[in-house]
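*Asks:* Submitted below is the structure of interest, expressed as structure tokens.
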Amino acid sequence: MLARVWSATVVGIDAVQVGVEVDVSGGLPKTVLVGLPDTAVQESRERVNAALKNSGFAFPMRKILINLTPADLRKEGPSFDLPISIGILAASEQANPQLLGDFIFIGELSLDGSLRAVAGVLPIAAAAKELGMRGVVLPLDNAQEAAVVDGIEVYGFSHLREIADFLDRPQTHQPIAFNREILEQEPWIGIPDLKEVKGQSHARRALEIAAAGGHNLIFVGPPGSGKTMLARRLPGILPPLSFPEALEVSRIHSVAGLLKERGTLIHDRPFRSPHHSASGPALVGGGSIPRPGEISLAHRGILFLDELTEFKRNVLEFLRQPLEDGQVTISRTRQSVEFPAQFTLVASTNPCPCGYYGDRLQPCTCSPVQRERYWAKLSGPLMDRIDLQVAVNRLKPEEMLTQAQGEPSAAIRDRVFRARQIAGDRFCNEPQIQGNAEMQSRHLREYCALDDPGRNLLEGAIRKLGLSARAMDRILKVSRTIADLAGAARIQSQHLAEAIQYRTIDRMQ
């Protein structure tokens, strides 16, 4: 007898429907699996065999042919265990096949028949809705993740026997409802507060500007100056993810398998901090079947690169395209996939190999040649793409003992919200632009026009600092954000002057 079960696999961050055809016929007992399965799918034959027997079902002692369609699409991962087992049960008349055409089945099986969570459930649930399917059947641990998608029925089970019972008596089971309380959770819980940072008013101001406009930022200073401490407090002054943004971010994390532990929607902005030994594929994504890297996992959030100059130069060059285009394209022989990568880059580094160049408390021991070689690790085009370049000094002992706590994150967050609202109203007809940092040339001409004193000021800065055209555009974008924070309709000279000071380490050696 022939049975067909619908499943799906993930390509990039999208899901593709996969048909699982199972034919049980006469002949010597043998299980054949075709349709470009990878090793994990090939091994499902043994898992399914044991799971069916240990769940009280009979594994047919006949020839079983399992075909995964379309045949030219590579199938990978353990999520086909469940549809294969259901197909065998239906083809051997141990399960009712009536509902098999209405649902997508995904899930990994343990040898005792229990179901284990799998990756990529959210895009698969979204694909089920687009295909007009009634719903999805999957492990209970994945149910809340799939229930985020409106308009489909989500059934979560913990054991294979429960799914067989559902197929025989669907009226006795209720679909899983999405827990709406998740959307009401405070997104800033557990994020350190900026009030804990003493002094550093210049760096705190740069964080506020970065949060308000989505600008890239680098802190340069000696060890112990608080660079990392400042960077880790940036998420606390960012606005929460909107529901569409949360869906987009959760989809990427689902494909990467990171929602299996959380089991639900991500509602706080990502903060990714890869180690400086990370490779290029770890940063941008890759693999024979491409998976998102740290850049895409930081989508709509923060990518923090601590000790930036310790990263290999060729790895850092991978950042240039995503910083400009907001996406990563990974090409393979069989396919090319795109991952979204609209993130705010925050980096920190020492000013020289010993770390104390320009420090007020300890002299630098590096030669000019050593400092020049040290900064040569960061290319000019990469530094041009960093809007705010901030020197951070260590506090003196007496300042550490006498300085009062700074302004709390909540107060700064309110100003950031207001500035973002101004920018949001400005770009209300262009939803693809999330902040001033994403403005294009036509926006600069319209929204960043300068008066004569402003043009003279900018021209002098370009000559003195040797800035590129890209760096000039970054100054204008930062100026627009500073004007928004001040509630000003036009960029004024003081806004431009403040933006220019954040380029003063452009050619630091």
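*Asks:* Give the number of residues within segment 312-341 that are touching a strand residue (DSSP E or B) at 6+ places or on another chain (Cβ under 7 Å), among the polar types (S, T, N, Q) and either in a loop (DSSP other than H, G, I, E, B) or within 16 Å of Leu378 (Cβ to Cβ) (or both).
*Replies:* 1
*Asks:* Kindly indicate whether any position in segment 277-292 is open to solvent by 20 Å² or more (accessible area, probe 1.4 Å), in contact with an Asp or Glu (Cβ under 7 Å, 6 or more places away or on another chain) and free of Cβ contacts under 8 Å to residues at least 24 places away in the same chain.
*Replies:* yes
*Asks:* In this structure, is Arg470 among the basic types (Lys, Arg), surrounded by fewer than 18 Cβ atoms within 10 Å (Cβ to Cβ) and touching a residue at least 60 places away in the same chain (Cβ under 8 Å)?
*Replies:* In short, yes.
*Asks:* Does Gly151 meet the test of being in contact with an Asp or Glu (Cβ under 7 Å, 6 or more places away or on another chain), at positive phi and either open to solvent by less than 50 Å² (accessible area, probe 1.4 Å) or touching a residue at least 12 places away in the same chain (Cβ under 8 Å) (or both)? If you could, list the steps in order and put the result at the bottom.
*Replies:* On the way: in contact with an Asp or Glu (Cβ under 7 Å, 6 or more places away or on another chain): no; at positive phi: yes; either open to solvent by less than 50 Å² (accessible area, probe 1.4 Å) or touching a residue at least 12 places away in the same chain (Cβ under 8 Å) (or both): yes.
Taking the combined requirement at face value, the residue does not satisfy it.
*Asks:* If you don't mind, there's one more thing I want to ask. Cβ-Cβ distance below 8 Å, separation of 6 or more or different chains: which pairs start in segment 189-200 with a residue that is touching a residue at least 60 places away in the same chain (Cβ under 8 Å) and basic (Lys, Arg) and end on one that is in a strand (DSSP E or B) and open to solvent by 70 Å² or more (accessible area, probe 1.4 Å)?
*Replies:* Listed pairs, sorted by first residue: Lys195/Gln405; Lys198/Gln405.
*Asks:* Quick check: is even one residue across segment 81-91 closer than 22 Å to Gly257 by Cα, of a type in the set (Asp, Glu), open to solvent by 10 Å² or more (accessible area, probe 1.4 Å) and touching a strand residue (DSSP E or B) at 6+ places or on another chain (Cβ under 6 Å)?
*Replies:* The answer is no; no qualifying residue exists.
*Asks:* Residue by residue through segment 473-504, note down the ones that are assigned to a loop (DSSP other than H, G, I, E, B) and either open to solvent by 40 Å² or more (accessible area, probe 1.4 Å) or touching a residue at least 24 places away in the same chain (Cβ under 8 Å) (or both). Don't jump to the end; show me each part of the working.
*Replies:* Here is the first cut: in segment 473-504, the ones assigned to a loop (DSSP other than H, G, I, E, B) are 486-492, 502-504.
Across segment 473-504, the qualifying residues are Ala486, Gly487, Ala489, Arg490, Ile491, Gln492, Tyr502, Arg503, Thr504.
*Asks:* Condition test on Gly120, is it crowded, with 24+ Cβ neighbours inside 10 Å, touching a helix residue (DSSP H, G or I) at 6+ places or on another chain (Cβ under 9 Å), at positive phi and modelled with pLDDT of 95 or more?
*Replies:* Numbers: crowded, with 24+ Cβ neighbours inside 10 Å: yes; touching a helix residue (DSSP H, G or I) at 6+ places or on another chain (Cβ under 9 Å): yes; at positive phi: yes; modelled with pLDDT of 95 or more: no.
It is false that Gly120 is crowded, with 24+ Cβ neighbours inside 10 Å, touching a helix residue (DSSP H, G or I) at 6+ places or on another chain (Cβ under 9 Å), at positive phi and modelled with pLDDT of 95 or more.
*Asks:* Every residue in segment 170-219 that is among the small types (Gly, Ala, Ser), under 30 Å from Ser479 (Cβ atoms) and open to solvent by 60 Å² or more (accessible area, probe 1.4 Å), please.
*Replies:* Ser201
*Asks:* Pick out, from segment 387-462, the helices (runs of 4 or more DSSP H) lying fully within it that include 1 or more residues that are out of contact with any strand residue (DSSP E or B) (no Cβ under 9 Å at 6 or more places or on another chain), at pLDDT 90 or above and surrounded by fewer than 20 Cβ atoms within 10 Å (Cβ to Cβ). Walk me through how you get there before you give the answer.
*Replies:* Numbers: elements: 397-402, 409-426, 441-447.
Of the helices (runs of 4 or more DSSP H) lying wholly inside segment 387-462, those with at least 1 residues that are out of contact with any strand residue (DSSP E or B) (no Cβ under 9 Å at 6 or more places or on another chain), at pLDDT 90 or above and surrounded by fewer than 20 Cβ atoms within 10 Å (Cβ to Cβ) span 409-426, 441-447.
*Asks:* Looking at segment 2-34 only, could you name the residues that are closer than 11 Å to Glu76 by Cα and touching a Pro at 6+ places or on another chain (Cβ under 9 Å)? If you could, list the steps in order and put the result at the bottom.
*Replies:* Initial filter on segment 2-34 (closer than 11 Å to Glu76 by Cα): 8-11.
Across segment 2-34, the qualifying residues are Ala8, Val10, Val11.
*Asks:* Take the residues in segment 355-378 that are charged (D, E, K, R) and within 34 Å of the chain's Cα centre (by Cα); name whichever of them is least open to solvent (accessible area, probe 1.4 Å). Quick ask: steps written out before the conclusion?
*Replies:* Of all residues in segment 355-378, those charged (D, E, K, R) come to 359-360, 371-373, 377.
Next cut, within 34 Å of the chain's Cα centre (by Cα) only: 373, 377.
Numbers: Arg373: 149, Lys377: 77 Å².
Taking the candidates together, the pick is Lys377.
*Asks:* Scan segment 420-454 for residues that are within 24 Å of the chain's Cα centre (by Cα) and either within 19 Å of Leu388 (Cα to Cα) or aliphatic (A, V, I, L, M) (or both) and jot them down.
*Replies:* Arg420, Ala423, Ile433, Gln434, Gly435, Asn436, Ala437, Glu438, Met439, Gln440
The values are calculated or read from the model by the stated rules, or taken from the named source; none is laboratory data. Only a predicted model underlies this, so the values are computations on that prediction, with no experimental measurement involved. Counting neighbours? That spans all protein chains shown, and the Cβs are built from the backbone with ideal geometry, glycine included. Protein only, heavy atoms only, side chains kept; ligands, DNA and RNA dropped before computing areas. Shrake-Rupley method; radii C 1.70, N 1.55, O 1.52, S 1.80 Å.
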